[in-house]
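The values are calculated or read from the model by the stated rules, or taken from the named source; none is laboratory data. All figures in this text were calculated on a predicted structure; none of them were measured in a lab. We place every Cβ from the backbone using ideal geometry, glycine too, and count neighbours over all the protein chains shown. To get the accessible areas, we keep the full protein, side chains included, count just its heavy atoms, and leave off ligands, DNA and RNA. Shrake-Rupley method; radii C 1.70, N 1.55, O 1.52, S 1.80 Å.
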Amino acid sequence: MACSFHLDSLGLGDGLTVVGWAVTPADPILRLGLAWGDRPDGWIPAEYGQLRPDVAAARGTDPACGFRVAGVPAVPGRVYA
């Protein structure tokens, strides 16, 4: 399955937060998340389905294509590039 996505922002506070959108041409997205090596399970699920009318207008897709991944543990002294 081909997937198009974009990361709109990365925020660093108590942890890393990633915000963006993801779409597929035909198949629904059933699961979306971030693989993170420092987590024991290596997977942080995204909150998928946030409204993105800007993406829907530009790509002709369902407006509920936005996502947010929060709670990624930040490590003091690590450079996130």
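By how many nm would the segment from Leu10 to Ala58 lengthen if fully extended, with 0.36 nm per residue of separation less the alpha-carbon distance?
Numbers: separation 48, 0.36 × 48 = 17.28 nm, distance 2.23 nm.
Length difference between fully extended and current span is 15.1 nm.
Write down the accessible area per residue of the chain in Å², having rolled a 1.4 Å probe over the full set of protein chains. Don't skip to the end; give the middle numbers.
Working: 5350 Å² over 81 residues.
For the chain, the solvent-accessible area averages 66 Å² per residue.
Using Cα-Cα distances under 8 Å and only pairs 6 or more residues apart, what relative contact order does the chain have, in percent? Could you put the intermediate results ahead of the total?
Details: 142 pairs, mean separation 24.8, N = 81.
Value for the chain: 31 percent.
With a 1.4 Å probe and all protein chains left in place, how much of the accessible area of the chain comes from carbon and sulfur atoms, in whole percent?
Numbers: 3060 of 5350 Å².
The C+S portion of the solvent-accessible surface of the chain is 57 percent.
Determine the dipole magnitude for the chain: charges of +1 sit on the beta-carbon of Lys and Arg, -1 on that of Asp and Glu, nothing else is charged, the reference point is the Cα centre, and the result goes in debye to the nearest 20.
Working: 6 positive and 8 negative charges, 17 e Å.
That gives the chain a dipole magnitude of about 80 debye.
With a 1.4 Å probe and all protein chains in place, put Ile29, Ile44 in order of accessible area, largest first. Don't skip to the answer; put the middle values down first.
Numbers: Ile29 35, Ile44 10 Å².
Descending accessible area places them as Ile29, Ile44.
If you count only protein heavy atoms and use a 1.4 Å probe, how large is the accessible surface of Thr24, to the nearest 10 Å²?
Number for this one is 20 Å².
Using a Gaussian network for the chain with springs between C-alpha atoms less than 10 Å apart, which of these wobbles most: Pro25, Pro63, Pro45?
With Cα springs under 10 Å in the chain, the top fluctuation among Pro25, Pro63, Pro45 is at Pro25.
Roughly how much of Asp62 is accessible, in Å² to the nearest 10, using a 1.4 Å probe?
Here the residue's solvent-accessible area equals roughly 100 Å².
Would you list Leu30, Leu10 from the most to the least accessible area, probe 1.4 Å? Write out the running numbers ahead of the final one.
Numbers: Leu30 160, Leu10 115 Å².
The ranking, largest first, comes out as Leu30, Leu10.
Accessible area, 1.4 Å probe, largest first: how do Cys65, Cys3 sort? Don't jump to the answer; show the numbers that get you there.
Details: Cys65 5, Cys3 65 Å².
Heavy-atom accessible area, descending, gives Cys3, Cys65.
Where does the chain land at 222 nm, in deg cm²/dmol rounded to the nearest 500, when only DSSP H runs of n ≥ 4 count, each adding -39500 (n - 2.57), divided by all residues? Display every interim value, and only then the final one.
Numbers: 1 runs with 7 residues, N = 81.
Result for the chain: -2000 deg cm²/dmol, rounded to the nearest 500.
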